[in-house]
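The values are calculated or read from the model by the stated rules, or taken from the named source; none is laboratory data. Every value quoted in this text rests on a predicted model; they were computed, and no experiment measured them. With ideal geometry, Cβ positions are generated from the backbone for all residues, glycine too; neighbour counts draw on all protein chains shown. Each accessible area value is taken on the protein alone, full model and side chains, heavy atoms only, with ligands, DNA and RNA left out. Shrake-Rupley method; radii C 1.70, N 1.55, O 1.52, S 1.80 Å.
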Amino acid sequence: MVKLLLTSNGFYNDAIKEKFLKLIKGKPNELDVAIITTASPQKDNNRFAQKAKEDFKDMGFQNIDFIDIEFDNPKSLAHKDVIYINGGNPFNLLFHTKQNGADSVFRDLVNKNVVIVGVSAGAVLLGPNIKVVHFFTPQMNTLNTKDFSALGLTDKLVFPHYDREDLFKDSTNNTIEDRLKEFEILEGCQVTRLKDDEYITIEK
């Protein structure tokens, strides 16, 4: 069984931390954690990745590694109990996940008792595709990705930062909700909206 915790901002508040601690099995100090830093150009120096490490420490975790699947062997993820996918550029994250074979490793984790925390771009990666990212921010697709299919560990298509109009400015002054409704009609899908302080969990 794999357990997914999808968030906009990781361990943003105590409610999210408490939910996460209910998902894990075993004592935090006995579990191995990987923080995937690939989506951010700052990698493990990204302030959100550093905050995640501190949050894990505060919760009692001791074995915490930064892993960049652009350069590191993704097979090391197979031995982790908790995988935290940090945010950043979803296109870069998707590209390197497929390029390095990490997508196969992630799908194999479904048969193991692993908790995967998807943060922002990481939450979108765990869903069926990242088309909504291309719809809102095509300029982020600097790698000219054509295949937007993602890991499909859940059928939930997440839109993080739903309450942050400042992040998704639009020349037509349409709101995020206006554009999400347009996207849902175009794609015949339903988008799960996540505000910065919200989360959803999936156990399967």
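Per-structure values
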| read-out | value |
| --- | --- |
| Cα centre as origin, Lys/Arg/Asp/Glu Cβ charges: the stretch 74-204 dipole, Debye | 560 |
| Angle in degrees between helix 47-58 and the longest Cα principal axis of the chain, rounded to the nearest 10 | 40 |
| Among 65, 14, 163, residue whose mean-square fluctuation peaks in a GNM of the chain (springs only between Cα atoms under 10 Å) | 14 |
| Degrees between helix 90-99 axis and first principal axis of the chain (Cα, 0 to 90, nearest 10) | 60 |
| List 193, 179, ordered by accessible area with a 1.4 Å probe, largest first | 193, 179 |
| Option label - mean projected area of the Cα convex hull in nm² computed here, alternatives [x] 10.6; [y] 13.5; [z] 12.4 | [x] |
| Peptide ranges 140-148, 152-160 listed from the most packed, as the mean C-beta count within 10 angstrom indicates | 152-160, 140-148 |
| Candidates 36, 116, 24, ranked by Gaussian network fluctuation over the chain, Cα under 10 Å, top entry | 24 |
| Under Karplus coefficients 6.51, -1.76 and 1.60, residue-wise ³J(HN,Hα) of the stretch 134-146 in Hz, glycine/proline x | 5, 5, 8, 9, x, 5, 6, 7, 6, 8, 6, 5, 10 |
| Approximate spin-label separation residue 110-residue 166, in nm, with each point projected 7 Å along Cα-to-Cβ | 4.0 |
| Set of the stretch 18-34 residues, backbone N closer than 16 Å to the point 7 Å along the Cα-Cβ line of residue 201 | 18-28 |
| Amide hydrogen neighbours beyond the local backbone of residue 162, cut-off 5 Å, H modeled | 194, 195, 196 |
| Charge dipole magnitude, Cβ of K and R +1, D and E -1 - the stretch 1-155, Cα centre, debye nearest 20 | 220 |
| Mean ellipticity per residue at 222 nm, deg cm²/dmol - from DSSP H runs of n ≥ 4 across the chain, formula -39500 (n - 2.57) | -8500 deg cm²/dmol |
| Centre separation in Å (Cα based) which lies between the stretch 169-186 and the stretch 1-38 | 31 |
| Dipole magnitude of the stretch 123-192, debye to nearest 20 (Cβ charges: Lys/Arg +1, Asp/Glu -1, about Cα centre) | 220 |
| Candidate aspartates and glutamates for bridging to residue 112, where Cα separation is under 18 Å - those fewer than 8 sequence places away on the same chain excluded | 30, 32, 81, 103, 203 |
